[in-house]
Structures are given as C-alpha cells and as structure tokens.
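Novice: One structure is given below, represented as structure tokens, and several questions about it will come after.
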Amino acid sequence: MTMKRWNGWGNEETDYPVPPAALEYLAAHLGALEPRFDARLQDVIGTVPVSRLPAHPALETDPETRLRHALGQSLPDWVALRFGRIKAFPDAVARPTSAEDVRDLLAFARDVGARVIPYGGGTSVVGHINATADGAPVLTVSLEYLDQVLELDDTSRLATVEAGVAGSHLERQLQARGYTLGHFPQSFEYSTLGGWIATRSRGQQSYHYGPIEEMFAGGHLETPRGPLHLPAFPASAAGPDLRELVLGSEGRLGVIVQARVRVRTRPEAEEFQGIFFPTWEKSVGATRAMVQSDLPVSMLRLSSPLETEITLALAGKRWIEWADRGLRLVGFGRERCLLIFGVTGTAGQVRRTRGSVVALGRRFDGMPVGTRVGQMWQKNRFLSPYLRNTLWEHGVAVDTLETALPWSRVTAAVEAVPRAIVQAAEAHGERVLAFVHLSHLYRDGASLYTTYMFRRGADPDELLAHWREMKHAASLVLQAHGGTITHQHGVGLDHASYLPAEKGRLGLDVLRAAFKACDPDGLMNPGKLL
Ligand SMILES: Cc1cc2nc3c(=O)[nH]c(=O)nc-3n(C[C@H](O)[C@H](O)[C@H](O)COP(=O)(O)OP(=O)(O)OC[C@H]3O[C@@H](n4cnc5c(N)ncnc54)[C@H](O)[C@@H]3O)c2cc1C
C-alpha cells in the first residue's frame, strides 16, 4: 500500500523528475532558482493543538490524522503545509462505513455544536475542506471506507456506487465488468465520486462521456435534517430537479453517501493524436469548427503558443527537439499551437473520426503529427501533477485557474488573462510564466485553463501576498470578459468573494434558503461557497 504525501501531490513512491534542460528554460524565464527546505512532518505534527471534541468511539483525534485531513491542494494550502504554518486543524476525523454511521455523526455534531466537513479525496484546489476558525470544533467526515460499487443494472446501465470511491478504484471495479464511467479528471487517482458531484467536476474526456451532471442520475444524502433520497429517472418533468442543488453543493447540504451513475460499455478503441497549427487564429478556428460541426471526438485540448513552447521544453525528449526543428523549418515558428485530440469508440468510428479531424485541420493549415505527441500526453495525463512537487523543490511554485466563456470572447481572454498575471507579478518586480489552453469545448464556448509558474521566495507571507495579487487580477479580468469564476474547480474559500457578481443577491438567497432547509443549525462546511 503506497502512502499519500502529506505536503504535496500523490503518493510517496512516484516522482516526476524535471529534465535539466527544462530547469534551464525556467531559470532563463523566471530568474535564478533556489531550492528551499520544507517543514518536517514531525515538526508540523507538533503544532496540532489538543482536540476540543469530547471522546467518541468513531472519532480519531491523533495529530497526524488531523494534519493529513487539514488541507487540500490549493496554493495557500501548499504554502501552509510546506512552511509548516497551518492555521486551523479539524478536531477529529471520522471514517463512517454506512449511511447510519453518517447519520449518527451528524447527530453527534449537532449535540456538541461541531461543524462538519465532508472529505472525499482532499484534492480541492480552492480551499473546500479547510477548517475555518469560527470558534466551533470541527469534525471532518472522510468517506474513504465507502468505496464500493454496490449494484450494477446491466439492462439500464446504471450503477449504485458509494460516494467515497476514488476515480482509479471506481474504474477498476467497473472495467472488470466491462463498463466505464468515463470521468477522468487529472486528479483521478485520488478524487472521489462524491467530490466530483459536490464540486461539478469535469473529466478530461467530458466531450465524449459528458460532464458529471449527466452521469449523476440520483443518489442518497444524509443531511442534518435527515436523509434526502433522489430517485434515478431517465428524465422527469416533476418540477425543478433537486440533483441540480446537490451538484456543486460543496458539502453545504449534507453528505452524499451513495450515487446512481450512468455507465457505458468500455470502448473498443481509443487514440490521441496531435496537430500543429501555424497560428492561434488558425488553431482556434479549426477547433471551433470541429465542435460546431459535431465531429465525434472524445477530447480536444488546444494550447496557446507559449503553452506549446513550454510543453515541448519541459518534455526534455530528444525526438521532440528534432520534431521542433522540423516544424520551424516548414515555417511553424513562435506562433505555433498544438492541438491534441482524442477519438473513442469502435475501431471504425475511431478511423472515420480521425480522418475527418485531420481533413478539417488541414483546411486551417494544420499539420497532423500522428500519435506520438498524443501518446506522450496520455502517458502523463495523471502523472503530470507530480511535476508540481519537483518544481516546488527546485524553487518554482505552480498554480492554475480556469473559466468558461463564449467563443466570441475566447481570443481576447486568451491574451488578457495571462497578461493580467504577468502585470501583477511585474508590479512587485517578479517574473512569471503564464500560459493557457482550451480544455473543455462546447458549441457556444470553451473553458480556458491558465497555468502560471513563478519563483517561490523564502517568506510565506510575501509569497501569498504576491499570489493573491496575481489571482485577483486574473479573476477580475476573466469575469470582465464574460467568464465564470470557475468552470470546474468550484468555489470553496478562494472564489467565494467573486460569486455575488455571478449569481446576484436573490440567487445567493435562494441557495442560502436551500442549505438552511437541510441544515438549519449551519453545521455543514461553513464559509465555503457562500
Ligand atoms: C492535480 C489536480 C488535478 C485536478 N484536475 C481536475 C480536473 O481535471 N477536473 C476537475 O474538475 N477538477 C480537478 N481538480 C480539482 C479536484 O480534483 C476536484 O474539485 C474534485 O472534484 C474534488 O474531489 P475530492 O473527492 O478530492 O473532494 P474534496 O477535495 O475532498 O472535497 C471537495 C468538496 O466536495 C465536498 N465533498 C466531497 N465529498 C463529498 C461527499 N461525499 N458529500 C458531500 N460533499 C462532499 C467537500 O466538502 C468539499 O467541499 C484537480 C485537482 C488537483 C490537485
């Protein structure tokens, strides 16, 4: 059994080394990199205060368990963990094994005035699972022992699944029976079904398999007011759909214990390929045309010129260097963009779709480069988050932000969002690499995913202050361009202040009323979302 890292991404056995050429590239663009030392586990354990909760047989109160459930994966979380400066810890962690256990824990929390944080895989990147210091004790309810596929209805292609199952374990169970859910977020190794529902997560192949909203057919929640059962219908006109309230509820309504999900048979064939385009305009024109002509691809990921350059630089592979030189020789210079597309289905569908994508790409001067780049992406799709550990250890902090906006605003935002980050960094004399890709595509628009890398200094307060300025500048710009504050990461703590601009006062009142109906005493995950 591999041990999860306590202060970074993933398990302790897996590393993603940075090629020396990539480090040179980063130093040339960010300035000299200085590796720094992190706080040690034993020292941080020593900072965990005594639990304020009364003894209960279901509660674990040892400091290490509480530390390991205190934070997620946001940049402020990383700073707190790596510098050993964690402001608040849960007072206890419970790992229920049934809906009845969850009900008992909620009753206990109400009796002792504790707050409850439902915890899936702890992969939140926006502060969803952090204890907030409002004076009340905090109980984190980890769903990790609720991880089984309970029933599979082959005729209806519906599975009843416990909500604490991590993506990798869920797919192993389904695939052994010839099925797949097809939800593959980059955090797939650890993020859970309940977490996906509670945050409206997006899988990398959502274009083919659909978003979690379409997969989630019904389920069972335990709320402080009692159980909430959502029957699974193929469709229903019986008033507003309560599943919509649960999707994105971020632990505020109650604990999702089980979900009925729509599964599919495993595809016969699948492949990922690359096409280079000479400019952003041509690449975005081709990509939009693919989506609006309903080409049945399973994934499209279009990198901006800078992201294309960095992808090639960080790969550190000899064959990529040669391919890069070849591209430059045929006139694909600094403005070139890489589109990776996936095709999934029967062997015949894969062949036909691949042909149509390549033909359409050529109409926009695209140069198909076959499966090698696509295979590299596929091999690293769940490994690349490990790079964040290595980069941090070399002195580079990495963060991401994302939005979705109409096609008519995409190109302006592709320029404006990274520019806002660069300008915010320049204001305090730092350099940053900020680059984007379009990752989830719709007929009317696209999601824009921004990655930014900067040197992490020795002072955590200064580091956080600089990060806040960059994040805030980008958030204002993406909202000004008609984008949502989040396409897939959710709201948590970090996006809560941007929500009123999107939902309006009445909209927020409606949400508050729904949460209050299920949780009159305000036990559930306070401070998140609203
Ligand atoms: C490296 C990395 C890559 C990522 N890639 C993607 C991606 O491709 N797509 C994407 O959408 N997101 C991505 N994320 C973000 C994150 O993985 C998602 O938000 C995910 O859905 C969180 O699931 P989780 O099980 O880890 O939930 P947690 O982080 O444990 O919790 C998130 C929120 O959901 C609530 N919650 C969790 N389980 C339950 C439950 N059973 N009942 C009620 N509430 C619950 C929690 O209270 C909290 O508010 C990524 C994160 C990382 C660190």
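Bear in mind that the values in this text are calculations on the coordinates, not laboratory data. In this text the structure is predicted, and so the values were computed from the model without any measurement. We place every Cβ from the backbone using ideal geometry, glycine too, and count neighbours over all the protein chains shown.
Novice: With an 8 Å Cα cut-off and a minimum separation of 6 or more residues, compute the relative contact order for region 418-530 in percent.
Specialist: Rounded, it is 20 percent for region 418-530.
Novice: Can I ask one more? May I ask you to list the residues of region 504-530 whose amide nitrogen lies under 11 Å from a point 7 Å from Cα along the Cα→beta-carbon direction of Asp134?
Specialist: Once the point is set 7 Å along Cα→Cβ of Asp134, 521-530 turn out to lie under 11 Å by backbone N, inside region 504-530.
Novice: Give me a comma-separated list of calculated 3J(HN,Hα) values for region 185-191, in order, Karplus coefficients 6.51, -1.76, 1.60 applied at θ = phi - 60°, integers in Hz, x for any Gly or Pro.
Specialist: Using θ = phi - 60°, the values come out as x, 4, 8, 2, 4, 10, 5 Hz.
Novice: Have a look at Asn389, Pro90, Leu221 and report the one farthest towards the positive end of the charge dipole of the chain, computed about the Cα centre with Cβ charges (Lys/Arg +1, Asp/Glu -1).
Specialist: So the residue we want is Asn389.
Novice: Can you run phi through the Karplus equation (6.51, -1.76, 1.60; θ = phi - 60°) for region 452-463 and list ³J(HN,Hα) in whole Hz, with x for Gly and Pro?
Specialist: Per-residue couplings from phi come out as 9, 10, 8, 6, 8, x, 8, 9, x, 5, 5, 4 Hz.
Novice: Taking amide H positions as placed in the peptide plane 1.01 Å from N, state which residues far from Cys337 in sequence (5 or more) or on other chains have amide H under 5 Å from it.
Specialist: Phe277, Thr279
Novice: Starting from the 7 Å offset along Cα-to-Cβ, what nm value, one decimal, do you get for the label separation of Tyr442 and Thr346?
Specialist: Between Tyr442 and Thr346, the simple spin-label model gives 3.2 nm.
Novice: How many angstrom lie between the Cα centre of region 337-402 and the Cα centre of region 1-40?
Specialist: Answer, in whole Å: 23.
Novice: Output the peptides 488-501, 514-527, 271-284 sorted from most to least packed, where packing is the average of other Cβ atoms within 10 Å over each peptide's residues.
Specialist: 271-284, 488-501, 514-527
Novice: Can you work out the PRE-style zone for Thr155? Point 7 Å along Cα to Cβ, and I want the residues of region 231-251 with backbone N under 19 Å.
Specialist: 232-235
Novice: Can you check what the net charge comes to around Gly10, using other residues whose Cβ is under 11 Å from the Cβ of Gly10 (Lys, Arg +1; Asp, Glu -1)?
Specialist: Charge balance near Gly10 sits at -1.
Novice: Continuing with the same structure: Output the direction-averaged projected area (hull surface divided by four) of the convex hull of the alpha-carbon atoms of the chain, in nm².
Specialist: Projected area, direction-averaged: 24.1 nm².
Novice: Using 0.36 nm per residue of separation minus the Cα-Cα distance, give me the extension gain between Tyr16 and Ala501 in nm, one decimal.
Specialist: Result for the pair: 170.7 nm of gain on full extension.
Novice: Could you tell me the largest-minus-smallest coordinate of the C-alpha atoms of region 1-149 on each of the three principal axes, in descending order and whole angstroms?
Specialist: 58, 38, 25
Novice: What value, in deg cm²/dmol to 500, does the helix sum -39500 (n - 2.57) over DSSP H runs of n ≥ 4 give at 222 nm once divided by the residues of the chain?
Specialist: Helices in the chain give a 222 nm mean residue ellipticity of -11500 deg cm²/dmol.
Novice: Full-extension gain between Gln423 and Asp38, please, as 0.36 nm times their residue separation minus the C-alpha to C-alpha distance.
Specialist: Additional length available on full extension: 135.7 nm.
Novice: Ranked by Cβ crowding within 10 angstrom, fewest neighbours first, how are His69, His394, His56 ordered?
Specialist: His56, His394, His69
Novice: Please list 348-357, 110-119 highest first by mean number of surrounding beta-carbon atoms within 10 Å per residue.
Specialist: Most protected by this proxy first, the peptides run 110-119, 348-357.
Novice: Going 7 Å from the Cα of Glu415 along its beta-carbon direction, which residues of region 262-295 have the amide nitrogen within less than 13 Å of the resulting point?
Specialist: 280-281
Novice: Do any trypsin sites (Lys or Arg not before Pro) in region 296-347 lie in a loop, going by DSSP, with at most 15 other beta-carbon atoms within 10 Å of their beta carbon, and if so which?
Specialist: Lys317, Arg334
Novice: Right, something else. So how much slack lies between His29 and Glu64, counting 0.36 nm per residue of separation and subtracting their Cα-Cα distance, in nm?
Specialist: 8.7 nm
Novice: In what sequence do Leu26, Leu247 fall when counting other Cβ within 10 Å, fewest first?
Specialist: In order of increasing Cβ crowding within 10 Å: Leu247, Leu26.
Novice: Taking the square root of 5 times each eigenvalue of the Cα gyration tensor, what semi-axes in Å does the equivalent ellipsoid of region 236-346 have, largest first?
Specialist: 39, 17, 16
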